[in-house]
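Novice: Mind looking over this structure? Questions follow.
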Amino acid sequence: MKWENNRQSDQVEDRRSQPGGGMFGGGRRVGGKGVGLGTIVIALLAGWIFGINPMTILGFLGGGGDLMPTQEQTAPAPVSAERPTDQMGQFVASVLGGTEDVWTTVFQQGGAQYTKPRLVLFRGATPTACGTGQSAMGPFYCPGDQKVYIDLSFYETLRSQLGAPGDFAQAYVIAHEVGHHVQNLLGVTDKMEQTRGRVSEREYNALSVRLELQADCFAGIWAHHNHKTNAILEPGDVDEALNAAAAIGDDALQRKSQGMVVPDSFTHGTSEQRQRWFHTGLEGGNVQACDTFKARTL
């Protein structure tokens with residue numbers, strides 16, 4: 001992936017130098033109670049890469065309740081006044097800058113204004129408007145503060161444990177989380193939350209799959225338009241993203257973790273579905289084509 005000469009975003013908060021990774025107390029325990037190691041392992045497999053918020057997965061698996069953004073206040077973490085100077089930090093800032101350029105243009109073409117999300121780099125744990133974010137949760141988007149959170153050690157996990165190496169696979173992670181921010185701005189996230197408690201867990205899981213596949217499609221839109229503008233794609237890049245999508249499909253993860261597939265418990269979509277919806281966005285770059293909620297088949 002060609003990223004070195006692209007514009008870097010100024011919306012990156014670098015908390016990595018703070019003691020404890022930026023953890024200032026406050027926050028809350030997931031689901032209001034402790035979560036066992038077995039639950040965490042399953043949650044990591046299910047939501048490590050592209051979850052709208054891995055805390056939601058932990059809440060379901062641990063028997064927790066609503067995990068909407070918490071009202072409990074946490075002390076704000078100081079924000080670095082400078083852009084990251086290390087290579088990985090600059091890579092993230094470059095990818096985020098590309099998403100800003102693409103979605104600003106897309107929103108303008110639709111007669112709307114795009115609000116940029118901030119992206120927080122942290123180590124270990126950090127306060128968020130959705131509770132305490134931890135590196136074990138993987139990257140996630142918090143609609144409560146409109147921020148994407150990522151501990152960069154996750155990329156080593158992505159490569160060595162999930163079998164999805166490559167810088168474009170890493171960029172895909174960020175673009176997907178930004179896709180959840182786009183959903184938040186479009187009101188999709190609010191509509192999802194309005195269904196919580198009014199539908200069965202099975203029905204909510206089915207809606208969650210559509211939400212996640214739409215974010216995959218939005219990641220494809222970023223790749224489509226950013227490549228047209230900056231020629232970012234190199235041979236093998238698309239395969240890296242598709243490999244990542246396949247590695248974290250619900251069916252693949254369930255086979256790996258429990259040796260069987262339970263479709264009613266899917267929350268993110270199958271490997272094939274995730275690949276196909278990313279490719280839909282990549283091929284056409286059209287937001288309307290990403291309406292997974294109206295699609296008869298996924």
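Values quoted throughout were computed directly from the atomic coordinates according to the rules given, and no laboratory measurement underlies them. Computed from a predicted structure; not experimentally measured. Cβ: placed from backbone, ideal geometry, glycine included. Neighbour counts: every protein chain shown.
Novice: Please enumerate, by chain and number, the aspartates and glutamates with C-alpha under 16 Å from the C-alpha of LYS116, excluding those fewer than 8 residues away in the same chain.
Specialist: Candidates past the 8-residue exclusion: ASP10, GLU13, GLU100, ASP101, ASP145, GLU177.
Novice: Roughly what would the spin-label model give for ALA206 and ASP291, points 7 Å off Cα along C-beta, in nm?
Specialist: 1.9
Novice: Given labels modelled 7 Å from the Cα in the Cβ direction, how far is it in nm from SER17 to LYS2?
Specialist: In this crude label model, SER17 to LYS2 measures out at 3.3 nm.
Novice: Let me ask you something else. Working out 0.36 nm times the residue gap between GLN258 and MET88, then minus their Cα-Cα distance, what length gain in nm do you get to one decimal? Walk me through the intermediate numbers first.
Specialist: Details: separation 170, 0.36 × 170 = 61.20 nm, distance 3.40 nm.
Gain in length upon complete extension: 57.8 nm.
Novice: Related question: Taking the beta-carbon count within 10 Å as an exposure proxy, list SER17, SER135 from fewest neighbours to most.
Specialist: Details: SER17 11, SER135 19.
Taking fewest neighbouring Cβ atoms as first place, the list is SER17, SER135.
Novice: Please compute the Cα-Cα pair-distance distribution of segment 144-298 with 5 Å bins starting at 0, giving whole percents from short to long.
Specialist: For segment 144-298, the binned pair fractions read 2, 9, 17, 21, 21, 17, 9, 3, 1, 0 percent.
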